[in-house]
Amino acid sequence: MISSQILQNTVDGLKAITRVDFIVIDMDVNVVVTTIEGEHDFEAAAADFVRSSAESQEVSRYQFFKIYDEQVPEYVLVTVGSGEDVYMIGKMAAFQLQNLLVAYKERFDKDNFIKNLLLDNLLLVDIFSRSKKLHIKNEADRVAIIIEAGQGKDLNVLETIRTYLGTNGDDFVTAVDENNVIVVKELKEDNVKDEVEKCVFGITSALEKEGVKNVHVAYGNTVKEIKEVSRSYKEAKMAMDVGKIFFDEKNIVAYSELGIGRLIYQLPIPLCKMFIKEIFGEKSPDEFDDETLATIYKFFENSLNVSETSRQLFIHRNTLVYRLDKLQKSTGLDLRVFEDAITFKIALMVVKYMKYMETFEY
């Protein structure tokens, strides 16, 4: 349950303080971590101690202490040396490792609970009973945040986020697949919107400082109860997908700001194809040449303003009018008319969505 690296760091720290060597073995007398290099000669004594009912024992120059997980021996701590002082040091070190085991077991249990909560694998009665047992507040403002890194999820991303959020016990960092890290953040400030934005910007900055590239973050709406966290998670997942389709220039996307992209994302593909065919026939709006597409996007960007668009494109106003007239003849849509412009804008977004969905079919 506890990683060997955590145990090794702990016994190394204990040795630096006490100047006593420590060895941690499992119940099969295999060495898990040690502060001593070279061979050991305690195996026979350790095997006898494991089989005995004693909680501690001194044999030759070694002292043995059992470390329990819910009253079941999980490890044995071996201290090198004899005498009352070494015994007291060993007793204190065993107590430290015992607490460490309990803390990591609780984190493991909470991590499993949050994963099942996000995936809707729990009944409502189980959510309330398990959250109470794990000392997780039922009512609190929370938001689900998804972090996707360019090189995929790894230990560095998880631990960097955990370090940034601290160890207050109210925030949870976990993963339910191999690509994303999920944060369930408890919000404590009056202005939850500002607190969420501050958190996601902080996470992004912390990862970039560690050299993590192509970080994308998406988050759902704030929820009031623990049972609603899965809804915020689903919203964050949608925000991540919709962001990739329609807001690829952004690395942070909120579900509450998806706009019409949220509606298009939920349309069935056959309906999208029908819409495009009704408007453009056999021609797709993304098949226009680069110059025409650049003109269209710039025209939309400038709220259908002919003068400002021609200025930014460095072309004469009449040239822009000519291009718009040419587009009208080929499509039947005049982008200077608001209704036609909306139709064309939506069509471009629908085509973008269809192309994105095609990538998952192969």
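The values are calculated or read from the model by the stated rules, or taken from the named source; none is laboratory data. Fair warning: this is a prediction, and the values are worked out from it, not measured in the lab. Virtual Cβ from ideal backbone geometry, glycine too; neighbours counted across all protein chains shown. Side chains included, ligands, DNA and RNA excluded: accessible areas come from the protein's heavy atoms. Shrake-Rupley method; radii C 1.70, N 1.55, O 1.52, S 1.80 Å.
In the distance distribution for the range 1-139, Cα-Cα pairs more than 22 Å apart total 45 percent.
At 222 nm, what helix-only mean residue ellipticity would the chain give, in deg cm²/dmol to the nearest 500, using -39500 (n - 2.57) for each DSSP H run of four or more? Spell out each step's value before the answer.
Working: 13 runs with 190 residues, N = 362.
Mean residue ellipticity, 222 nm, calculated: -17000 deg cm²/dmol.
Would you mind checking the tilt of helix 269-280 against the longest principal axis of the Cα atoms of the chain, expressed as 0 to 90 degrees and rounded to 10? On a 0 to 90 degree scale, this one is about 20.
Grouping the Cα pair distances of the chain into 20 Å bins from zero gives a pair-distance distribution of 23, 36, 26, 11, 4 percent in increasing distance order. Per-atom-type breakdown for the range 51-205 gives carbon and sulfur 51% of the accessible area (1.4 Å probe, protein chains only).
Measuring between their Cα centroids, the range 69-88 and the range 217-250 lie 48 Å from each other. Counting only protein heavy atoms and a probe of 1.4 Å, the accessible surface of the range 298-362 is 55% carbon and sulfur.
Rolling a 1.4 Å probe over the protein heavy atoms leaves Met354 with an accessible area of roughly 30 Å². A 1.4 Å probe run over the range 35-131, with the rest of the protein chains in place, finds 57 Å² accessible per residue. For Lys185, a cut-off of 16 angstrom between C-alpha atoms picks up these aspartates and glutamates, skipping any fewer than 8 places away in its own chain: Asp111, Glu139, Asp141, Glu159, Asp170, Asp171, Asp194, Glu195, Glu197, Glu225, Glu228, Glu235.
Between 0 and 90 degrees, the angle of helix 4-18 with respect to the longest Cα principal axis of the chain falls at about 50 degrees.
One Cα centroid belongs to the range 101-117, the other to the range 156-179; the line between them spans 12 Å. What base-10 log of the normalised intensity I(q)/I(0) is obtained for the range 74-190 from the Debye formula, alpha carbons as equal point scatterers, at q = 0.14, 0.17, 0.23, 0.24 Å⁻¹? Per q value, in the given order, log10 I(q)/I(0) is -0.73, -0.92, -1.34, -1.41.
For the range 1-38 versus the range 301-362, the inter-centroid distance based on Cα atoms is 67 Å. On C-alpha positions alone, give me the angle between the axis of helix 155-165 and the longest principal axis of the chain, in degrees, nearest 10. Roughly 90 degrees, rounded to the nearest 10.
Rounded to the nearest 0.05, what FRET efficiency is calculated for Val306 and Ser205 with R0 set to 41 Å and r the Cβ-Cβ distance? Efficiency for this residue pair is about 0.50. Rolling a 1.4 angstrom probe over the protein heavy atoms with all chains in place gives the range 191-303 an accessible area of 53 Å² per residue. Among Ile36, Val11, Tyr297, whose Cα projects farthest towards the positive end of the dipole of the chain, with charges put on the beta-carbon of Lys, Arg (+1) and Asp, Glu (-1)? Checking the options against the dipole of the chain, the answer is Tyr297.
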